[in-house]
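For reference, the structure discussed in these notes is given below.
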Amino acid sequence: MKKILLGVALLLGTLTAVGQNIQTHYQAGRHLYKDMEKTPSFVTTVEHFKADRWGQTFLFVDFVHTEKGISNSYFEIARELKFWKAPVALHLEYNGGVDRNFSINNAYLVGASYLWTSKDFSKNFSISTSYRYDQAIEGVQDANHGMQLTAVWGWNSWNRVFTLNGFVDVWTKKASDKSHGVVVYSEPQAWINLNQLVGFHDNFNLSLGTEVRLSYNFLNPNKFYALPTLAAKWTF
């Protein structure tokens, strides 16, 4: 679900064709909700982005840490295929993962994306609409055919000290007595880039900031959560 590095890479435009970072988040928001108190404290995310002559590829892996080690991992890879100059691309995506305690279903998406970047590369926006197929998990979850809408955004201050970026996913699933048929998940982020401050070396690529994990009908049926984190990011 994280498309944020894609947004950052779009901000850089033609200045770079490759980008990667590693983020560590302390999930401070788990203390705001009684039913979230047992949520693991730390999540580490590794992201990679690469552009080429036929489009761009983005992938990430989330690792959830517990006292006994990594309890689960979640993986996404997305490919934007574009053989033309128009800012519209074919979108292909796969989501999946493993967990010690429960099954994570595979999801496959195909659709189209629109990409926009400002002339000075300080702002970007993309939106994609896709058909989404969630594979069945025997005895746990039926297969699901639905649609997903994704928006990704990014903004850099004029001096590149501050970065705002994030994404929002909205997708459909089968409605039930316990759950509506629409799921919303979003992760807006705010960063201070230390290498742009006086006294820090240009190659000291550490950023400090926060992420707010907003969700509806995702963690629990028909419930909304706003879970902030305290985060550090190193960009390679």
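The values are calculated or read from the model by the stated rules, or taken from the named source; none is laboratory data. Keep in mind the model is a prediction, meaning the values are calculated, not measured. Every residue, glycine among them, receives a Cβ derived from its backbone with ideal geometry; neighbour counts consider all protein chains shown.
The number of residues in region 222-236 that are in a strand (DSSP E or B), of a type outside the set (Gly, Ala, Ser) and in contact (Cβ under 8 Å) with a residue 40 or more places away in the chain comes to 8. Looking across region 191-209, just one residue is closer than 18 Å to residue 153 by Cα and surrounded by fewer than 17 Cβ atoms within 10 Å (Cβ to Cβ), and that is 192. Within region 206-221, the residues that satisfy the criterion of being without any contact (Cβ under 8 Å) to a residue 60 or more places away in the chain, in contact with a strand residue (DSSP E or B) (Cβ under 8 Å, 6 or more places away or on another chain) and assigned to a loop (DSSP other than H, G, I, E, B) are 217, 218. Taking the criterion of being crowded, with 16+ Cβ neighbours inside 10 Å and among the aromatic types (Phe, Trp, Tyr), the only residue of region 103-125 that qualifies is 125.
Okay, residues lined up against (1) touching a strand residue (DSSP E or B) at 6+ places or on another chain (Cβ under 6 Å); (2) more than 30 Å from residue 40 (Cα to Cα):
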site	(1), (2)
58	yes, no
85	no, yes
118	no, yes
123	yes, yes
129	yes, yes
136	no, no
141	no, no
144	yes, no
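How many of the residues making up region 1-50 are loosely packed, with under 15 Cβ neighbours inside 10 Å, at pLDDT 55 or above and in a helix (DSSP H, G or I)? The total comes to 5.
From 215, 179, which residue is surrounded by 15 or more Cβ atoms within 10 Å (Cβ to Cβ), at pLDDT 95 or above and of a type in the set (Gly, Ala, Ser)? Give the derivation first.
Working: 179 fails: at pLDDT 95 or above.
Within the list 215, 179, the selection yields 215.
Residues that are over 20 Å from the mean Cα position of the chain (by Cα) and modelled with pLDDT of 90 or more: does region 150-157 have at least one? Yes, the conditions are met somewhere in region 150-157. Among the residues making up region 51-69, those that are surrounded by 15 or more Cβ atoms within 10 Å (Cβ to Cβ) and out of contact with any Asp or Glu (no Cβ under 7 Å at 6 or more places or on another chain) are 51, 57, 58, 61, 62, 63, 64, 65.
Can residue 165 be described as of a type in the set (S, T, N, Q) and either closer than 30 Å to residue 198 by Cβ or assigned to a strand (DSSP E or B) (or both)?
Values: of a type in the set (S, T, N, Q): yes; either closer than 30 Å to residue 198 by Cβ or assigned to a strand (DSSP E or B) (or both): yes.
Against the criterion (of a type in the set (S, T, N, Q) and either closer than 30 Å to residue 198 by Cβ or assigned to a strand (DSSP E or B) (or both)), residue 165 qualifies.
Condition first: within 17 Å of residue 95 (Cα to Cα) and free of Cβ contacts under 8 Å to residues at least 12 places away in the same chain. Now tell me which residues in region 110-169 satisfy that. Matches in region 110-169: 143 only. Selection of first residues in region 81-101 that are over 12 Å from residue 56 (Cβ atoms) and of second residues that are of a type in the set (Val, Ile, Thr) and surrounded by 11 or more Cβ atoms within 10 Å (Cβ to Cβ), restricted to Cβ pairs under 6 Å at least 6 apart or on distinct chains, gives the following pairs, ordered by first then second residue: 94/77; 97/104.
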